[in-house]
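Asks: Below is a structure I'd like to ask you about.
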Amino acid sequence: MRAVAGRVTFGFKTSPQHVAFATLDETWAAAAELPVFTAAWMNDHFSDPAAESGGPSFEALTLMAALAHRLPGVWLGHSVLANTFRHPALLAKAATTMDHVTGGRFIVGLGMGWHAWEHEAFGVPLPPLRERFARLVSTVRVLRALGSAAAAAAPGVTLDDAFAPLRGATNEPAPLTPGGPPIFLGGQGPRGLRLAGEAGDGWFIPSIPFTGPDVFAERRGAILRAMEAAGRDPAGFQFVAQVGTGDNAGARAEARELALAYARAGASHVVVAVPSRLGPAGLIAASREVVEPAAAELG
């Protein structure tokens, strides 16, 4: 999934909390009839991220694999996978599998992990921020190594790494996508923005308070400067904004204006997050009231 200069694309996000599988399955089936969406996304949590503790949630990688057949030809990804939840080599194998399942249209969206309760409750370590960032860098290195041509057959790849060293590791079968699936990063601080510019294929800004088009433009500029310093061509890099659509016409009208503002601030892809419990009707409403008029206005 590469950005095309002058063109803004749209995706939808239906996350796996407080929803039945049948509802998600029906929603993704309905999405196949909405060609305005070029990508489908979901988050990655063991519980409800909006709650201090607990709450129902499906496991995101398994769920996406189960739904993928509904959207052939559409890009699929997570916004974002928690790096703390999976060993880097396991993530590389899962990403390779999804690359085959989707015919080369899977995106590894990756963040450091943050929700303290679910880490404690499920016995998953949540290291201090500095170590979490170091582990994120390590995972990106491992994903790149196991996606490389050298990993496709013996003698494999060797990587000296503090957290996930590789010793003659092979990733067979190799990914369909040369170099492995694209990696989109979710870091928001200076180090995270720099990592996105130096090693990522795309970057997300979350749809949370204290973000918005002005913050997006500022962080986009920091990534572009990091790319320039690293000697990377920014062509094709995806700058992704996320917009919640709510559950009524007024909220969707606000989402439409926010999507347009993000596009004018330099977003190349805009994700509209639809409450999963609304099912197909919610997605269709978001398409008709948010995405289609925004796309028409942007030309």
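The values are calculated or read from the model by the stated rules, or taken from the named source; none is laboratory data. Since we're looking at a predicted model, the values are computed, not measured. In this analysis, Cβ positions are derived from the backbone assuming ideal geometry, glycine residues included, and neighbour counts consider all displayed protein chains. Accessible surface is based on the protein model in full, side chains and every heavy atom, while ligands, DNA and RNA are left aside. Shrake-Rupley method; radii C 1.70, N 1.55, O 1.52, S 1.80 Å.
Asks: Please list, ordered by chain and number, the residues whose modelled amide H lies under 5 Å from the amide H of T9; skip anything fewer than 5 residues away on the same chain.
Replies: Under 5 Å from the amide H of T9: H269, V270.
Asks: Enter the angle in degrees (range 0 to 90, nearest 10) between the Cα long axis of helix 190-199 and the first principal axis of the Cα atoms of the chain, meaning the one along which they spread out most.
Replies: Computed tilt is about 70 degrees.
Asks: Please work out, to two decimal places, the log10 of the ratio I(q)/I(0) at q = 0.10, 0.11 Å⁻¹ from a Debye calculation in which every Cα of the chain carries one identical scatterer.
Replies: The calculated log intensity ratios at q = 0.10, 0.11 Å⁻¹ are -0.52, -0.64.
Asks: What's the carbon and sulfur percent of the stretch 1-81's accessible surface, probe 1.4 angstrom, rounded to a whole number?
Replies: Roughly 57 percent of what the probe reaches on the stretch 1-81 is carbon or sulfur.
Asks: Another question, if that's okay. Could you give the alpha-carbon Rg of the stretch 169-255 over 2.2 N^0.38 Å, rounded to two decimals?
Replies: 1.34
Asks: Out of all Cα-Cα pairs in the stretch 3-55, roughly what percent, to the nearest whole number, are more than 15 Å apart?
Replies: Beyond 15 Å sits 58 percent of the P(r) for the stretch 3-55.
Asks: Show the residues, 5+ positions off or on another chain, whose built amide H is closer than 5 Å to the amide H of T102.
Replies: Residues meeting the criterion, in which the H sits 1.01 Å from N, do not exist here.
Asks: Give the carbon-plus-sulfur fraction of the accessible surface of the stretch 154-299 in %, rounded to a whole number; probe 1.4 Å, heavy atoms of protein chains only.
Replies: Ligands and nucleic acids excluded, carbon and sulfur reach 54 percent.
Asks: Also: Could you tell me the convex hull volume per residue, in Å³, taken over the Cα atoms of the stretch 150-299?
Replies: 169
Asks: Where q = 0.16 Å⁻¹, what log10 of I(q)/I(0) comes from the Debye formula for the stretch 218-299, counting one point per Cα?
Replies: Taken in order of the listed q values, log10 I(q)/I(0) reads -0.64.
Asks: Rounded, prolate or oblate: which fits the stretch 1-153, taking a ≥ b ≥ c as square roots of the Cα gyration tensor eigenvalues, rounded meaning a/c under 1.5, else prolate when a/b beats b/c?
Replies: Oblate.
Asks: Sort 237-245, 217-225 by packing, meaning the average of other beta carbons within 10 Å per residue, with the highest value first.
Replies: Descending mean neighbour count gives 237-245, 217-225.
Asks: May I ask you to work out the translational diffusion coefficient for the stretch 85-152 at 25 °C, viscosity 0.890 mPa s, via Stokes-Einstein with Rh from the Kirkwood sum over Cα pairs, reported in whole µm²/s?
Replies: 185
Asks: Compute for the stretch 251-298: radius of gyration divided by Kirkwood radius, i.e. Rg/Rh, restricted to C-alpha atoms, rounded to two decimals.
Replies: Across the stretch 251-298, the Cα-based Rg/Rh ratio is 0.97.
Asks: Take the Cβ-Cβ distance between E228 and R7 as r, set R0 to 25 Å, and report the resulting FRET efficiency rounded to the nearest 0.05.
Replies: In this case the efficiency is close to 0.65.
Asks: A further question follows. Sequence gap at least 6, Cα distance under 8 Å: using those rules, report the relative contact order of the stretch 162-299 to the nearest whole percent.
Replies: 19
Asks: In vacuum, with every alpha carbon of the stretch 124-226 counted as one equal point scatterer, what does the Debye formula give for log10 I(q)/I(0) at q = 0.25 Å⁻¹? Two decimals, please.
Replies: -1.26
Asks: What ³J(HN,Hα) values, in whole Hz, does the Karplus curve 6.51 cos²θ - 1.76 cosθ + 1.60 give for the stretch 99-109 when θ = phi - 60°, with x put for Gly and Pro?
Replies: 4, 6, 4, 8, x, x, 10, 10, 10, 8, x
Asks: What are the extents of the Cα atoms of the stretch 150-198 along their three principal axes, in Å, largest first?
Replies: Principal extents (largest minus smallest coordinate, Cα): 39, 27, 13 Å.
Asks: Working from Cα positions, state the angle (0 to 90°, nearest 10) between the long axis of helix 21-31 and the longest principal axis of the chain.
Replies: Here the helix axis deviates by roughly 70 degrees.
Asks: Express the accessible area of the stretch 160-299 per residue in Å², computed with a 1.4 Å probe while the remaining protein chains stay in the model.
Replies: 44
Asks: In whole Hz, what ³J(HN,Hα) sequence does the stretch 166-181 give by Karplus (6.51, -1.76, 1.60; θ = phi - 60°), x for Gly and Pro?
Replies: Per residue, the Karplus-derived 3J(HN,Hα) values read 10, 10, x, 7, 10, 10, 10, x, 5, x, 5, 7, x, x, x, x Hz.
Asks: Kindly identify the stretch 69-183 as rounded, prolate or oblate by the Cα gyration tensor criterion: order the square roots of the eigenvalues as a ≥ b ≥ c, call it rounded if a/c is under 1.5, otherwise compare a/b with b/c, prolate if a/b is larger, else oblate.
Replies: In terms of gyration-tensor shape, oblate.
Asks: Next question, about the same structure. What whole-number value in Å² describes the accessible area per residue of the stretch 50-143 for a 1.4 Å probe?
Replies: 44
Asks: Using alpha-carbon pairs under 8 Å, 6+ residues apart, how would you state the relative contact order of the stretch 28-109 in percent?
Replies: Normalised by residue count, the contact order of the stretch 28-109 is 32 percent.
Asks: Just need the relative contact order of the chain here, percent rounded to a whole number, with Cα pairs under 8 Å and 6+ apart.
Replies: It comes to 21 percent, rounded to a whole number.
Asks: Follow-up question, since we're still on this one. Out of the chymotrypsin sites (Phe, Trp or Tyr not before Pro) in the stretch 163-236, which ones are loop residues according to DSSP with at most 12 other C-beta atoms within 10 Å?
Replies: The qualifying sites are F210.
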